[in-house]
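No lab work stands behind these numbers, since they all come straight from the coordinates. On a predicted model such as this, the values are computed, not experimentally measured, just so you know. Cβ: placed from backbone, ideal geometry, glycine included. Neighbour counts: every protein chain shown.
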Amino acid sequence: MEAMEESFLADYQQLIEKRRTFAIISHPDAGKTTLTEKFLLYGGAIALAGSVKGKKTARHAVSDWMEIEKQRGISVTSSVLQFNYDGYCINILDTPGHQDFSEDTYRTLMAADSAVMVIDASKGVERQTRKLFKVCLLRDIPIFTFINKMDRDARNPFDLMEEIEKELGIQTYPVNWPIGCGKEFKGVYDRHRREIVSFTANNGQREVEATEVELSDPNLSALIGEENYNTLKDDVELLDGASYEFDQEQVRHGKLTPVFFGSALTNFGVEPFLRDFLKMTTSPLPRKSSEGEINPFSDVFSAFVFKIQANMNKAHRDRIAFMRICSGRFEKNMEVYHVQGDKKLKLSQPQQMMAQEREVIEEAYAGDIIGVFDPGIYSIGDTICTPGHKFQFEGIPTFAPEHFARVRQLDTLKRKQFVKGTQQIAQEGAIQIFHEPYSGMEEVIVGVVGTLQFDVLQYRLKNEYNVEIALESLPFQYIRWIENKELDVKTLNLSSGTKVVQDFKGNQLLLFVDRWNIDWAVERNKDLVLAEFSRN
Ligand code: G4P
């Protein structure tokens, strides 16, 4: 009996140890979808390569994956993809592209243990990469860089390294190094193995053959051309002498990013990247709670809600709460304790791994994501755990919206529905609502991270609450939380491009038209302490 228990424990520990939960972040079009698809290919999740979805069909990719899911019995949706590769159980969290970009995108990063940053080799660090990267830094998680599209004209690799270091403030460690680019792309030099993996362009064919040749091979110069050979020798010398040393601890804390060059479309360098990445990255990380860090290997089950999605099924008007399991094992029908609601619950409603396709799961482990039917009891950041425990995971920050609009209801008789609707939608975290405390105005200011959320608000208020609204766009771009709560905002010296607002929890905030106005406020009000994220 004891032996059985021991072996169960070992299996259980191993199941968690082998889990890798990460998000892929990129600016739209850098190749996130293409890279993800290649990963799935290696996981045996899809049989055919070359069915890459381009930008115009990127939204379709999700529904196509759904078909794949049915055929192969894997779990694929817009929220998380799960597959096995090389003994690992991989959960890829989806971070939607710019059309769908919202606070959810940021929150998803709260559920990840590491991030893969895809960069277009001809463009370098772009706006959205910067935004998502900032959130990764908050989390102190490992960040891996895949410099994509080397089969096209690319910028000088040293310049790209410098840009990543300067713009993002992270050190780089190139794991491999490109030889040429575009039509002249010959492959990469693997710095650990000290060999070349050569790339043979294949007349537009989407998969390329890769062969391995040692750096000291006398035929190398003929293979890659003399000029490339000389450049490579110089580059390698420079890298060995001047680049940062590999340091796993630095990687673990997101201070050093291992960098890989490749081409997702032609499938060059993707599998070596996946293999190295899985080894270098981390299994589920401990999470901070009100009772200290919670160890993922603990036999206490715990999870937190990082995303709530309403109306996944139009016929039922339901909500799904997505939870990241932080420790222990989840079993279907198990009884849990919802800490914020102070209630024991039996998760007896169909639990589904991920969004639209309702696959009931039997069990899940630390690192996994589960979707649970939400009758309206969960809020973002809530903790669920084994009954008898009462700890709460550290809250999910509220991210700064970047677009603001004044909302006016067209039929003033529907005030009640309007208030209820905006409050409920704000509770789900799709929008943030603010009031102007000293203006005497009853109107509401709505802030969103992505403008698509304005359309969602308008649509949902009309369809679910029967309220029509008009949105008047406001010129503000920046919002800051006032950290020192005792400060009397009426005494502040502010420019005309600044507005004082209050959120529904009563926090005081400032809206700014541009950065100049932020500087003005900070310079003229020495006591003012501003924050870009809020943990309240
Ligand atoms: P995203 O999810 O980050 O938005 O990017 P996605 O994978 O959709 O890729 C954007 C475009 O870049 C697609 O082209 C895709 O084929 C192309 N691409 C991705 N990786 C590579 C690469 O390694 N090399 C080259 N040359 N192109 C790459 P598209 O024209 O929008 O679509 P399609 O017609 O190719 O399907």
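Alpha carbon centre of segment 454-506 versus segment 94-135: separation in Å? With segment 454-506 and segment 94-135 each reduced to a Cα centre, they are spaced 25 Å. Relative contact order of segment 403-531, taken over Cα pairs closer than 8 Å and 6 or more residues apart, is 28 percent.
Per-peptide packing, taken as the mean over residues of other Cβ atoms within 10 Å, places 512-525, 152-165, 393-406, 215-228 in the sequence 393-406, 152-165, 512-525, 215-228 from highest down.
Electrostatic tally near Leu168: other residues with Cβ closer than 13 Å to its Cβ, Lys and Arg +1, Asp and Glu -1, net +1. Cross-linked pairs Lys32/Lys134; Lys255/Lys332; Lys32/Lys332; Lys131/Lys499: Cα-Cα separations exceed 28 Å for Lys255/Lys332; Lys32/Lys332.
Candidate cross-link partners of Lys346 among the aspartates and glutamates, defined by an alpha-carbon separation under 20 Å and a same-chain spacing of 8 or more, comprise Asp299, Asp318, Glu331, Glu335, Glu359, Glu362, Glu363, Asp368, Asp374, Asp382.
Taking square-rooted eigenvalues a ≥ b ≥ c of the alpha carbon gyration tensor, is segment 367-459 rounded, prolate or oblate, where a/c under 1.5 means rounded and, failing that, a/b exceeding b/c means prolate?
Taking the square roots of the gyration eigenvalues as a ≥ b ≥ c, segment 367-459 is prolate.
With Cα atoms defining each centre, segment 145-168 and segment 235-287 are spaced 14 Å apart in the structure. Peptides 447-455, 373-381, 409-417, 184-192, ordered by how many other C-beta atoms sit within 10 Å of their residues on average, highest first, read 184-192, 447-455, 373-381, 409-417. Legend: translational diffusion of segment 403-531 by Stokes-Einstein, Rh = Kirkwood radius over C-alpha pairs, 4 °C, 1.567 mPa s; D = 84 µm²/s. Here's the list of lysines a cross-link from Lys414 could span, going by alpha-carbon distance under 16 Å and ignoring same-chain residues fewer than 8 apart: Lys462.
If contacts are Cα pairs under 8 angstrom and at least 6 residues apart, what is the relative contact order of segment 364-457 in percent? Spell out each step's value before the answer.
Values: 85 pairs, mean separation 26.6, N = 94.
Relative contact order, segment 364-457: 28 percent.
For the pair Asn463 and Glu402 in one chain, pulling the backbone fully straight at 0.36 nm per residue adds 19.4 nm over the alpha carbon distance.
With Kirkwood's inverse mean 1/r over C-alpha pairs for Rh, give me the Rg to Rh ratio of segment 137-184, two decimals please.
The Rg/Rh ratio comes out at 1.02.
Relative to the compact-globule estimate of 2.2 N^0.38 Å, the Cα radius of gyration of segment 228-299 comes out at 1.60.
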